[in-house]
Every structure is written in C-alpha cells, then in structure tokens.
Amino acid sequence: MSRWLQILSWLAGLVGFGLLVAGVAQLNVPAAFIVAGLGLLAWSLLADRAAAAIKTQGG
C-alpha cells in the first residue's frame, strides 16, 4: 500500500470522526462526548491489534 494512500486514509478517518462528533454535538453535547469516547476506545483497540500483529510477524 502506498505511503500517501495510508496517510490519506488516516486523514479521511480522522475528519470523518470529527464530523460525526460535531454533528452529534449539534443535537446534544453530552452525547457527543459519549460518541467521542467510544470512538477513541475503538481506535485504541484497533491500534493495539495492529501493533500485536506486527509484533507477531517479527517486525
């Protein structure tokens, strides 16, 4: 996978997450904090699994 494609994919995910939280904040600010917290928990789980996969491959 191209390095630029990885960067653009990461930025698109970040912008999408920010827009999701901003949209929820338009409806209810506490709900936006809940959505942001759940999103960050999911992101940390994915990052942890990716790091574990890299470590088991010997990288």
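The values are calculated or read from the model by the stated rules, or taken from the named source; none is laboratory data. The model shown is predicted, which means the values in this text are computed figures rather than measured ones. Every residue, glycine as well, gets a Cβ built from its backbone with ideal geometry; the counts of neighbours run over all protein chains shown. Just the protein is used for accessible areas: all its heavy atoms, side chains included, with ligands, DNA and RNA removed. Shrake-Rupley method; radii C 1.70, N 1.55, O 1.52, S 1.80 Å.
Residue pairs whose Cβ atoms lie under 7 Å apart, sitting 6 or more positions apart in sequence or on different chains, and linking a residue in the range 35-48 that is under 19 Å from A22 (Cβ atoms) to a partner that is surrounded by 11 or more Cβ atoms within 10 Å (Cβ to Cβ) and modelled with pLDDT of 90 or more, are V35/L20; V35/V21; V35/V24; A36/V21; G39/F17. What do you reckon, is G16 touching a residue at least 12 places away in the same chain (Cβ under 8 Å) and assigned to a helix (DSSP H, G or I)? In short, no. Would you say L11 is free of Cβ contacts under 8 Å to residues at least 40 places away in the same chain, open to solvent by 80 Å² or more (accessible area, probe 1.4 Å) and not basic (K, R)? Criteria not met by L11.
Scanning the range 19-59 for residues that are outside any helix (DSSP H, G or I) and modelled with pLDDT of 85 or more yields one hit, N28.
How many of the residues in the range 1-20 are under 19 Å from S44 (Cβ atoms) and more than 12 Å from the chain's Cα centre (by Cα)? Total satisfying the criteria: 1.
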